[in-house]
Amino acid sequence: MTEPIVLPDFDSFGDQAIKGLENPEDATAATQALLKEDRNSGEPAIREPAENSLTLERGICREGVWYRDAEVRELTGADEEAIAAAGNNSYKIFEALLLRGVRTVGNEFMNRQLAGELLIGDREYLVMAIRRATFGDELDFTELPCPHCDELVDLTVPLGAIPFTRLDDHEQTEFEVPLRRGETAVVRLPNGEDQAAVLSLKGDNLARQDSEILSRCVLRIRHADGTETKRPPATTLGMSARKKILAFLTETQPGPRYNDFSFTHDTCGKEVPLPISLAVLFRGM
Ligand SMILES: [Zn+2]
């Protein structure tokens, strides 16, 4: 506990791969969340009706009915071994966590296909619930060096203080993004399958990753004259349209924003970004 914490610098969460733009407003939201910690501490009761149960933002649809309830369980030594077998590939670790730690979504037991069907944000929320079930609700940081004043900070972060984005309408699956010249893109939000497709691309060409997400998630472009182009190849979209759509997908994706967490250091009064990685969430493993 006396060792200074070395912050992991890898991107553990899928939204990084499709993050076309930064969201400075989320950093502010994170601070506010921490400041309002007391008030927020009353909220998880809404999110977690029972200890290992949670309500997803989107969930799954079966024969026209949406199921948003999910149940997770505490990870055991056997799970730890299975997860360790995933090596240090953060996507594989994430997938293993979901497959082992989630019991049910709706009336179905967790399986690979179901995991792929879930929105990225629901997957990340489930991982938070598995963390809570396994190691409790608080993240403890000891002797965290403040980058502004060098003081070592001890900090306890309740999981509820991590900024969280909600869907206005849980059952809305198509969204309209206004583009230039009266055009509109009709899009859907990326899920686990999309995330896997992006991560399976060779190399780390960000433009190609963006194209992959766009070609999967842009359903059609509606032109000013009312005609539509279905499934436009992402490479034919203008740069401004690509940027706008990617920003929309990132901002609208519900769930926890682990990378956007920050806190205000009491001593110097400055804002300290503290991205919460998978390694921080599951430090005990
Ligand atoms: Zn400071």
Original post:
If we keep just the residues of the stretch 235-285 that are among the acidic types (Asp, Glu) and open to solvent by 60 Å² or more (accessible area, probe 1.4 Å), which is farthest from the ligand (Cβ to nearest atom)?
Top reply: GLU251
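Please report, ordered by residue number, the strands (runs of 3 or more DSSP E) entirely within the stretch 212-285 with at least 2 residues that are within 20 Å of the chain's Cα centre (by Cα). Show your work before the answer.
On the way: elements: 218-222, 228-230, 262-264, 271-273.
Passing ranges, in order: 262-264.
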Subject >> Per-region count, the stretch 184-211, residues in contact (Cβ under 8 Å) with a residue 60 or more places away in the chain and either of a type in the set (Ser, Thr, Tyr) or in a loop (DSSP other than H, G, I, E, B) (or both) >> reply: 2
Original post:
If you take the residues of the stretch 146-175 that are more than 16 Å from the ligand (Cβ to nearest atom), of a type in the set (A, V, I, L, M, F, W, C) and not in a strand (DSSP E or B), which of them is nearest to CYS61 (Cα to Cα)?
Top reply: LEU167
**OP:** Kindly establish whether LEU159 is within 27 Å of LYS92 (Cβ to Cβ) and touching a helix residue (DSSP H, G or I) at 6+ places or on another chain (Cβ under 8 Å).
**Re:** yes
Original post:
Among THR142, THR134, which is the only one that is under 29 Å from GLU95 (Cβ atoms), open to solvent by less than 60 Å² (accessible area, probe 1.4 Å) and of a type in the set (S, T, N, Q)?
Top reply: THR134
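The values are calculated or read from the model by the stated rules, or taken from the named source; none is laboratory data. Since this is a predicted model, take the numbers as computed values, not measurements. Please note: Cβ atoms are built from the backbone with ideal geometry, for glycine as well, and neighbour counts cover all protein chains shown. Note: accessible area is taken over every heavy atom of the protein model, side chains too, but ligands, DNA and RNA are not part of it. Shrake-Rupley method; radii C 1.70, N 1.55, O 1.52, S 1.80 Å.
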